[in-house]
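Trainee: I have a structure I would like to understand better, so I am pasting it below and will then ask my questions one at a time.
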Amino acid sequence: MAFTRTLLTGIVAVLAVCVLCPLVVLFGKAFQDNDGHYVGLVHFSSYFSTPALLVSITNTLYISIASTVISVVLAFFFAYALKRTNIKGKGFFASVALLPLFAPTMLHGIALTYLFGNQGIVTTGFFGWLADGFKLELYGPVGIIIAEVIYTFPQAYLILAVSLAMADYNLYEAAETLGAGKLRKFFTVTLANIKYGLISAAFVCFTMSFTDFGAPKVVGGQFNVLATDIYKQVIGQQNMAMGAVVGLILTVPAILAFAVDRFITRKQSATITAKSKPYRINDNKGRDAVYFIYCLVIALLILVLIGTVVFAAVVKVWPYDLSLTWDHFDFSNVAGEGMQPLVNSVEVSLLTAVLGTIATFVTAYMIEKTRQLQALRQIGYFLAILPLALPGLVIGLAYVFFFNKPDNPLHFLYGTIWILVLANIVHFFSVTFITATSALKKLDKEFEMVSESMGIPLYKTFFNVTVPMSLPAILEIAVYYFINAMVTISAVVFLYAPDLKLASVAIVNMDDAGDVAPAAAMSVLIVAINLGVRGLFEFSTRFLRKRTEQWQKPTTM
């Protein structure tokens, strides 16, 4: 009992130090001058009285709303095709839809540059093969919106695919009995059943677009948004107080979206009961042909984007000399500064995956499976979920203010690899925590109750029962940490030391310096590593599944 209470108290204290304290310091900085004196709303007044800065809010809202609408609509019909039709190649389409998750957001901007930039494939009429090219006003809102749609599409698809996978066919039969046509059934049954999934997808896409830094940095041009404003204030002008103000403004819509999403999803009631009938897909060749073409177009667009970056990384001089070369993968003579940033990223990602998985699963176990200190567990749950509403840029800037204070006992972490690992763990903690909690909810609480009644220590039950039974979820959490740590830029852009530059940061630096081909090459390496890790995960889970099936087979004498 004492051990459980001590461990739970320690977990909540660590969460408070790593999540809450940096936020308090960041928000306090917005009301102070550079000497730490309280100045009230002076910085806010200065921000809102500066037209150029004020426009960034409008631009960000415009980008986020437009990206959300387009992404959710595209993802809905894509998910509908895979869950409610009989099209061929569902596995292929589902895999391609998730490819953008393995790439840094800068890759999408780089791909658009090679396609629609001044020397792009489409702009030049496919290298002169066509008489006229197609000129797109890429650098600005159009380019950002396209990049954000690519960035948010996989997330919206995953949410909507889960929503569409669960349906009670009795409702459709009842609608048919009442004489409802196909269109009426679509609006009154299909959309009504997945309304919470649509709302969640919309809020997720809005938050991701609102807080993204990579795409606006590459293809934003002179079109300022809040994410690039905070970067310019902190890195360009060293105006930390104004950076804190922008960070606070950036956080408010994200927290509101998070709160509304949580409120709405709590009202969701069960739609599948014991009397429900699984959804039956009726034969309709015309429908399947239309949706197959739609999915094929979406998949081809994603593959063309990824393929363009791969192609750009292996040709000598775009678009003048298209002979193949590996020179762009030698980063020693460009702003990427050699292969060390990639090595650093792999190291940081591995540490994030190992330490983050341990921290996440232990935290979820103590909050979900213990019965002591109910109030403290509720506080721990809130702190574990809070990072879901925090933009990566805000977390990074908050860590600068908090850990860079000389009087902070944790100041020794600043400028080391551990501050990067900690920022990544906090940035991605909420999603993995929810995953771990969901897995633990599936395990019977009798395990812990029986262990307690028999006097078996909690840690023995944890290691001997809970961990082996939750191993697939644990591996999923580790892979999620690794992949996201490889591609993230926002949470670490303020924290890396000169000798600890990461691959995502190197891509931004190379793009700024005009080394676009090496930036493409670095992006390709990140995608290749992430796909390799994901492939290893799939192999491991299949192996575990086979072993589990073998253990469950009855033995014969």
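Trainee: Counting pairs of Cα atoms in the stretch 196-238, how many percent are more than 11 Å apart?
Mentor: Details: 612 of 903 pairs.
Of all Cα-Cα distances in the stretch 196-238, 68 percent exceed 11 Å.
Trainee: What does the helix-only formula give at 222 nm for the chain: each DSSP H stretch with n ≥ 4 adding -39500 (n - 2.57), the total divided by the residues, and the result rounded to the nearest 500 deg cm²/dmol? List each step's numbers first, then the result.
Mentor: Values: 25 runs with 365 residues, N = 557.
-21500 deg cm²/dmol, from helical runs alone.
Trainee: Show me the three semi-axes of the equivalent ellipsoid for the stretch 455-550, from the C-alpha gyration tensor (sqrt of 5 times each eigenvalue), largest first, rounded to whole Å.
Mentor: On the way: eigenvalues 290, 68, 9 Å².
Taking √(5λ) for each eigenvalue gives 38, 18, 7 Å, largest first.
Trainee: With every protein chain in place, what's the accessible area of Met469 (1.4 Å probe, Å², nearest 10)?
Mentor: Looks like 100 Å² after rounding.
Trainee: Gln32's amide H: which non-local residues (gap 5+, or another chain) put their own amide H closer than 5 Å, with H modeled 1.01 Å from N in plane and none for Pro or chain starts?
Mentor: Result for Gln32 returns Val39.
Trainee: Follow-up question, since we're still on this one. Could you tell me the relative contact order of the chain? Use alpha-carbon pairs under 8 Å, at least six residues apart, and round to a whole percent.
Mentor: On the way: 743 pairs, mean separation 119.9, N = 557.
RCO, the chain: 22 percent.
Trainee: Helix by helix through the chain, keep the DSSP H runs that span 27 Å or more along the axis on Cα and average at least -0.5 on Kyte-Doolittle, and give those back in order.
Mentor: Details: long enough: 51-84 (49 Å, 1.46); 141-165 (34 Å, 1.67); 240-266 (38 Å, 1.62); 285-313 (41 Å, 1.98); 340-369 (42 Å, 0.99); 516-552 (54 Å, 0.39).
Helices meeting the criterion: 51-84, 141-165, 240-266, 285-313, 340-369, 516-552.
Trainee: Once you put a point 7 Å from the Cα of Ala375 and another 7 Å from the Cα of Asn118, both along the Cβ direction, what distance in nm separates them?
Mentor: Each label point is offset 7 Å from its Cα along the Cβ direction, giving 6.5 nm.
Trainee: Collect residues whose amide H, placed 1.01 Å from N in the peptide plane, falls under 5 Å from the amide H of Val315; neighbours closer than 5 in sequence don't count.
Mentor: Thr325
Trainee: Let me ask something else. So if R0 is 22 Å, what FRET efficiency would Arg542 and Phe463 give, r being the distance between their Cβ atoms, rounded to the nearest 0.05? Walk me through the numbers before you get to the answer.
Mentor: On the way: r = 24 Å, r/R0 = 1.11.
E between Arg542 and Phe463, to the nearest 0.05, is 0.35.
Trainee: Computed FRET efficiency, Cβ-Cβ of Asp327 and Ala497, R0 22 Å: what is it to the nearest 0.05? All intermediate terms of the calculation are to be shown ahead of the outcome.
Mentor: Numbers: r = 29 Å, r/R0 = 1.30.
In this case the efficiency is close to 0.15.
Trainee: While we're looking at this one, here's another question. I'd like the carbon and sulfur percentage of the solvent accessible area for the chain, probe radius 1.4 Å, heavy atoms only, ligands and nucleic acids excluded. Could you put the intermediate results ahead of the total?
Mentor: Working: 17390 of 26210 Å².
Carbon and sulfur atoms account for 66 percent of the accessible area of the chain.
Trainee: I need the shape label for the stretch 1-146. Rule: rounded when a/c is under 1.5, else prolate if a/b > b/c, else oblate, with a, b, c from the alpha carbon gyration tensor. Present the calculation step by step, with values, prior to reporting the outcome.
Mentor: On the way: a/c = 2.86, a/b = 1.40, b/c = 2.04.
Because a/c hits 1.5 or more and a/b fails to exceed b/c, the stretch 1-146 counts as oblate.
Trainee: OK, next. Looking at the P(r) of the stretch 357-402, how many percent of alpha-carbon pairs lie beyond 13 Å? Let's see the in-between values first.
Mentor: On the way: 654 of 1035 pairs.
The calculated P(r) of the stretch 357-402 puts 63 percent of pairs beyond 13 Å.
Trainee: Does the stretch 1-73 come out rounded, prolate or oblate, given a ≥ b ≥ c as the square roots of the eigenvalues of its C-alpha gyration tensor, rounded meaning a/c under 1.5 and, failing that, prolate meaning a/b above b/c? Display every interim value, and only then the final one.
Mentor: Values: a/c = 6.40, a/b = 1.43, b/c = 4.48.
Oblate, because a/c is 1.5 or more while a/b does not exceed b/c.
Trainee: Consider a paramagnetic label point 7 Å from the Cα of Asp512 along Cα→Cβ; state which residues of the stretch 227-252 have an amide N under 12 Å from it.
Mentor: Counting backbone N atoms under 12 Å from the label point, the list is 231-238.
Trainee: Let me ask something else. Length gain on complete extension for the stretch Ile255 to Ile434, per 0.36 nm per residue less the alpha carbon to alpha carbon distance? Intermediate results must be reported in sequence, preceding the final value.
Mentor: On the way: separation 179, 0.36 × 179 = 64.44 nm, distance 1.75 nm.
Computed gain between Ile255 and Ile434 is 62.7 nm.
Trainee: If you don't mind, another one. Might you work out the accessible area of Asp515 for me, using a 1.4 Å probe with all protein chains in place, and round it to the nearest 10 Å²?
Mentor: Ignoring ligands and nucleic acids, Asp515 comes out at about 40 Å².
Trainee: Of the options Ser56, Ser46, Leu160, report the single residue whose Cα projects farthest towards the positive end of the charge dipole of the stretch 25-167 (beta-carbon charges: Lys, Arg +1; Asp, Glu -1).
Mentor: The residue sitting farthest along the positive end of the dipole is Leu160.
Trainee: Pulled fully out, how much extra length does the chain show between Val42 and Thr6, if you take 0.36 nm times their separation in residues and subtract their Cα-Cα distance? Let's see the in-between values first.
Mentor: Details: separation 36, 0.36 × 36 = 12.96 nm, distance 4.36 nm.
Between Val42 and Thr6, full extension yields an extra 8.6 nm.
Trainee: Further question: For a test of the definition: using alpha carbon positions, the gyration tensor, and the 1.5 limit on a/c, classify the stretch 283-341 as rounded, prolate or oblate. Intermediate values should be presented prior to the final figure.
Mentor: On the way: a/c = 5.80, a/b = 2.88, b/c = 2.01.
It is prolate, given that a/c is not under 1.5 and a/b is the larger ratio.
Trainee: Over all directions, the average projected area of the alpha-carbon convex hull for the chain comes to how many nm²? List each step's numbers first, then the result.
Mentor: On the way: hull surface 129.5 nm².
Mean projected area of the Cα convex hull: 32.4 nm².
Trainee: If you find the alpha carbon centre of the stretch 313-333 and of the stretch 508-526, how far apart are they in angstrom?
Mentor: 11
Trainee: Once you treat every alpha carbon in the stretch 44-127 as an equal point and sum by Debye, what is log10 I(q)/I(0) at q = 0.12, 0.16, 0.18, 0.27 Å⁻¹?
Mentor: Reported log10 I(q)/I(0), two decimals: -0.66, -0.95, -1.03, -1.14.
Trainee: Ordering Cys295, Cys21 by how much accessible area each has at a 1.4 Å probe, largest first, what is the list?
Mentor: Numbers: Cys295 0, Cys21 50 Å².
I get Cys21, Cys295, largest accessible area first.
Trainee: Compute the FRET efficiency between Phe382 and Lys316 as 1/(1 + (r/R0)^6), taking r as their Cβ-Cβ distance and R0 = 60 Å, and round to the nearest 0.05. Intermediate values should be presented prior to the final figure.
Mentor: Numbers: r = 55 Å, r/R0 = 0.91.
With R0 = 60 Å, the Cβ-Cβ based efficiency is 0.65.
Trainee: Can I ask one more? Summarise the long-distance tail of P(r) for the stretch 298-443 by giving the % of C-alpha pairs beyond 24 Å.
Mentor: On the way: 5891 of 10585 pairs.
Within the stretch 298-443, distances greater than 24 Å cover 56 percent of Cα pairs.
Trainee: Given a cut-off of 27 Å, name the pairs among Lys90/Lys185; Lys83/Lys185; Lys217/Lys501; Lys90/Lys369; Lys195/Lys217; Lys83/Lys217 whose C-alpha atoms lie farther apart than that in the structure shown. The partial results should precede the final answer.
Mentor: On the way: Lys90/Lys185 24 Å; Lys83/Lys185 16 Å; Lys217/Lys501 18 Å; Lys90/Lys369 38 Å; Lys195/Lys217 34 Å; Lys83/Lys217 36 Å.
With Cα atoms farther than 27 Å apart: Lys90/Lys369; Lys195/Lys217; Lys83/Lys217.
Trainee: Quick one: accessible surface of Phe402, probe radius 1.4 Å, all protein chains present, in square angstrom to the nearest 10.
Mentor: Accessible area, nearest 10 Å²: 30 Å².
The values are calculated or read from the model by the stated rules, or taken from the named source; none is laboratory data. Since the model is a prediction, treat every value here as computed from it, not as a measurement. A quick note on method: Cβ atoms are made from the backbone with ideal geometry, for glycine too, and the neighbour counts reach across all protein chains shown. Just so you know, the surface numbers come from the protein's heavy atoms only, side chains and all, with ligands and any DNA or RNA stripped out. Shrake-Rupley method; radii C 1.70, N 1.55, O 1.52, S 1.80 Å.
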